[in-house]
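Following: one structure in structure tokens, then a few remarks.
The values are calculated or read from the model by the stated rules, or taken from the named source; none is laboratory data. Here the structure is a predicted model, which means the values were calculated and not measured. Cβ atoms come from the backbone with ideal geometry, glycine included; neighbour counts cover every protein chain shown. Surface areas here come from the heavy atoms of the whole protein model, side chains and all, with no ligands, DNA or RNA. Shrake-Rupley method; radii C 1.70, N 1.55, O 1.52, S 1.80 Å.
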Amino acid sequence: MYEYLTGVVSIVAPQYIVIDVNGVGYKLLVANPYRFNEDPQKQVRVYVYQAVRDDDISLFGFNDQDEKQLFMQLINVSGIGPKSALAILANPDHQGLIDAIANNNVGYLTKFPGIGKKTASQIVLDLEDKITAVATTGPLFAGADEEAAGENPALADALAALKALGYKERDVKKVKKHLQGKQKTTDEYLRSALRLLN
């Protein structure tokens, strides 16, 4: 139904953003909400997928059409739902994901939350011939330092986003130790954390 929305991001939370389009706020579940936190007055275009279930209608947002296309292929795999697909897409290295699928690298895929060997094998089986057709523009997120300040709101938000993506508490705690040090934005913390986890 929706292809994209253009407006101002009014709310950024660990699991979602709200984009204000002419006074109407659309809640979009996204892989990395803090990527949209750069300029609160800037108009952004977010590509959208609408998921309809018996008890829920949700909108999922994407930075570009390539990310949306990759998401669409992932949710067509048996055992992968929209939230699992988002957790996979939160990894900054989309080319690495595509290479892992094309090269039958099940070990790489099992690093994502909720993805066991059986599901990873299913991803490879279903997508190995299709995934190379996905045009990619490289990593969605630029590099970031792996140090961050102790207890601060930006770090807390990044850790909450990891939990929202399905990472286990013990993994989040391990990553937190590596992120303490310098002051960073939430987006930078999250990028670094995802690199450490994957």
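Give the Kirkwood hydrodynamic radius (Å, one decimal) of the chain, defined as one over the mean of 1/r across all pairs of different Cα atoms.
Numbers: mean 1/r = 0.0581 Å⁻¹.
Mean inverse Cα-Cα distance, inverted, gives 17.2 Å.
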Per GNM of the chain with C-alpha springs under 10 angstrom, the most fluctuating residue out of 27, 117, 68 is 117
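Mind checking the per residue accessible area of the chain for me, 1.4 Å probe, whole number of Å²? List each step's numbers first, then the result.
On the way: 9980 Å² over 198 residues.
Value for the chain: 50 Å² per residue.
Placing +1 at every Lys and Arg Cβ and -1 at every Asp and Glu Cβ, with all other atoms neutral, what dipole size does the chain have around its Cα centre, in debye to the nearest 20?
Details: 22 positive and 24 negative charges, 129 e Å.
About 620 debye.
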Applied in sequence order to region 27-40, the curve 6.51 cos²θ - 1.76 cosθ + 1.60 (Karplus, θ = phi - 60°) yields integer Hz couplings, x standing for Gly and Pro, of 8, 10, 7, 9, 5, 9, x, 6, 5, 9, 9, 5, 9, x
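Using only the heavy atoms of the protein chains and a 1.4 Å probe, how would 186, 6 rank by accessible area, largest first?
So, going from the largest accessible area down, we get 6, 186.
Using the scaling law 2.2 N^0.38 Å as the reference, what is the normalised Cα Rg of region 55-96? Display every interim value, and only then the final one.
Working: Rg = 10.4 Å, N = 42, 2.2 N^0.38 = 9.1 Å.
Rg over 2.2 N^0.38 Å, computed on Cα atoms: 1.14.
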Cα extents of region 157-198 along the principal axes, largest first, in whole Å, come to 25, 16, 16
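With contacts defined as alpha carbon pairs under 8 Å and 6 or more residues apart, what's the relative contact order of region 1-64 in percent?
Details: 131 pairs, mean separation 21.4, N = 64.
Relative contact order here is 33 percent.
Relative contact order for the chain: what percent, with Cα pairs under 8 Å and sequence separation of 6 or more?
Values: 337 pairs, mean separation 37.3, N = 198.
The normalised contact order for the chain reaches 19 percent.
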Distance in Å, no decimals, from the C-alpha centre of region 46-102 to the one of region 1-32 is 16
